[in-house]
Each structure stands twice: as structure tokens, then as C-alpha cells.
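The structure appears right after this line, and notes come after that.
Read the figures in this text as sums done on the coordinates, not as results from a lab. Note that the coordinates shown come from a computational prediction; the quantities given were computed from them, not determined experimentally. Counting neighbours? That spans all protein chains shown, and the Cβs are built from the backbone with ideal geometry, glycine included.
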Amino acid sequence: MLKMIWHPQQYEFSNKLQILSVCTCPHLVNLILSHLLQRFQNLKELVVRDCEVLNCVFDDEGILPKLEILKLEKLPKLRLIFNNGDKNHNMRYLLSLSKFNVLEHIKELHIINCGKSMDEEGSFSSNLEVLALGSFSKLKEINFENHRKLKILKLEKLPKLSCIILNEDGNACKRCLLSPSMFKNFDGLKELYIICNTPTRGGAQYM
């Protein structure tokens, strides 16, 4: 019954670790504890998948300067990515830009089937090249004002998604999904996947 990967008294491992993949650990609650962050300064890719009770990925808001790929999938109890220690903080919001301001070099982000997020708007780092979002039942808007580098976009099971926010002549403008403005802003987009975005009243609107 694995509840932790790193024993509190035994965490001597190479700080040259670049790729960490944690899959199918049904009893794991927290992944990377605060006193271990300094050991992950060279981490480039983190994959966490199918961990039934995991509620926190990083137990601190420390900096991971080289992390470029973050994949979080099938984590039904996930409440937060970073624990900032604020007990008054509403931990049911995963997609605000403030959650990613310590991941300024992130290029690829996947958050699919994670927790019961109350996010209605998503904002992300402008350095993103790949973004995959899935199963956010409340999500209505995604802010893409400064995402010229985006190459791959996957949106899956976002029933209330009604618009995206784009930068048009220096102004933030709300546009329908798949509008001509979207492709004008995403001039580097190479792959686009929109899967099972079943419209509800006031939800998923296209061109």
C-alpha cells in the first residue's frame, strides 16, 4: 500500500532527475513534498496518472525552473497543483494563471479528468505549445490572449465552454470557438482536437 514515494528520512537521490512518471498508485496522497523540491531543479517532464486519492502534486509553491511538460490525468481527488499554505484559499480552482506563474517555462500541459474543479475561466502561461484540457464541467471561457506559440490544442468534454478570449488589436475580445479570429490568433496551430463538447443551454458555441 504505497502512500508516499519519498520516505521522510530516506530521500537521497540524484538531483539530475529529468523525467518522473507516477502511474496507478491508488493510495498516494501527496507527490512531491516541500523539503524535496530542491532535488527536482533539473526535472523537465512530470507525468501523474491514475492515482485515485492524490489531492496535491507539489506541497509548496517552489520554483521548478526547467519543467517543460506537465501531464495530470485521471486524478479524481486532485484539489490543487501547488499548496501555498493558505487555508483560506479556495482549492477547487485549478486553472487560474496564478497557479502556473511558478512554471514560467512550461510548454506542454495536460489536465484531464482531474478533481471536481469549479473553474469557469482558464488562463495559462504564454509559452505553451501544447494544451490539453478535459472534463471541466464548469469551464465557460479560456483566455488565449497571448498564445502565439500554441501548436496543439485539445479540448475534451467541456460542456459549458461558450467562448475563448483573444487579443485583437491589443484588446481582449470574446469569440466563439472555431471563429475565424481564433485561427488568425493561432497562426502556428498545427493540430486541433475538439472531442465530445456536447452543447448545453448557453454552452458550447461554434463559428
* Tabulate in residue order the Karplus-calculated ³J(HN,Hα) for the range 104-109, using 6.51 cos²θ - 1.76 cosθ + 1.60 with θ = phi - 60°, rounded to whole Hz; enter x for Gly and Pro. => 5, 9, 4, 10, 9, 9
* What are the ³J(HN,Hα) values, in whole Hz, obtained from phi via the Karplus relation 6.51 cos²θ - 1.76 cosθ + 1.60 with θ = phi - 60°, for each residue of the range 20-34 in sequence order, with x given for Gly and Pro? -> 10, 10, 10, 9, 6, 10, x, 10, 6, 9, 10, 9, 10, 6, 4
* Place the peptides 162-170, 42-50 in order of packing, highest mean first, counting for every residue the other Cβ atoms within 10 Å and averaging per peptide. => 42-50, 162-170
* To do: Please tell me which of these pairs span more than 24 angstrom C-alpha to C-alpha: K151/K184; K44/K160; K66/K116; K74/K154; K66/K149?
  => K44/K160; K66/K116
* **Hz values of 3J(HN,Hα) by residue in the range 126-131 - Karplus curve (6.51, -1.76, 1.60), Gly and Pro given as x** => 6, 8, 4, 10, 9, 9
